[in-house]
Amino acid sequence: MRLVPVPDDATAEETLRPFLAKSVNWSIDSPPLSDEQIAADEVLAGYLDGWGREGDTGVVILDETDRPVGGAWVRLPREDWRGEGWAGDQIPELRIAVDPDEQGKGYGTHLVRAVLDLLRLSGRGSVSLAVHQLNTAGEFFAQNGFVIAGRNGDADVLLRSI
């Protein structure tokens, strides 16, 4: 297992796109959204479009064969874009996903800790994210210090101080 930074160039979108899809398509009870549907959704596409602006940072976790098995990244809101977990204009929002076949191995914890370290080093005081009310990942985030700060539709907006 190895953590690597998300590149600061156009390859970042290609690297993170599968993990955005995994974070969107978490429910086995809902039909999955295709890459095209995600790209056409203004809010979802905003998590990656134009990667490399101020505040964009993240990590990817590679398995023993250097295959990407998880990704976590943060993005600051813009005047024309706010993510599902928006909690304030100066609070970066976290997206994270681990390949379902690789869950339960501690990869998610490594990803969260790495992103929190990056945010701490950049002087950020908190981070937010959205978790659908039926998604059991909410328990994982609670164990990692996130608390419910509000609601956005069917999702809890979680916040963590750094």
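The values are calculated or read from the model by the stated rules, or taken from the named source; none is laboratory data. What you see is a predicted model; the values in this text were computed from it and never measured. Here Cβ is always computed from backbone atoms with ideal geometry, including for glycine, and neighbour counts include all displayed protein chains. Calculation scope for accessible area: heavy atoms of the full protein, side chains included, ligands and nucleic acids excluded. Shrake-Rupley method; radii C 1.70, N 1.55, O 1.52, S 1.80 Å.
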Cα gyration tensor, segment 19-79 - rounded (a/c under 1.5), prolate or oblate: oblate
Computed FRET value (nearest 0.05) for Asp9 with Asn152, which takes r as the C-beta separation and R₀ as 25 Å: 0.20
Helix-only CD estimate at 222 nm, as mean residue ellipticity for the chain, using -39500 (n - 2.57) per DSSP H run (n ≥ 4): -8000 deg cm²/dmol
Calculated Cα extents along the principal axes in Å (choose from (1) 42, 38, 21; (2) 39, 39, 32; (3) 49, 41, 20), label: (2)
Probe 1.4 Å, protein heavy atoms only - accessible area per residue of the chain in square angstrom: 53 Å²
Accessible area of Thr136 in the full protein assembly, 1.4 Å probe (Å², nearest 10): 100 Å²
Extended-chain gain in nm, criterion 0.36 nm per residue less alpha-carbon gap, Arg113 and Glu42: 22.7 nm
Accessible-area composition of the chain, carbon plus sulfur, in percent [1.4 Å probe]: 49 percent
Most fluctuating residue given options Gly138, Gly71, Gly104, as computed from a GNM of the chain linking Cα atoms under 10 Å: Gly104
Shape call, segment 58-97: gyration tensor on alpha carbons, a/c limit 1.5: prolate
Those residues of segment 123-149 whose amide nitrogen sits under 15 Å from the label point placed on Ile28, 7 Å along Cα→Cβ: 135-137
The chain: most fluctuating residue of Leu118, Leu76, Leu33 per GNM, C-alpha cutoff 10 Å: Leu33
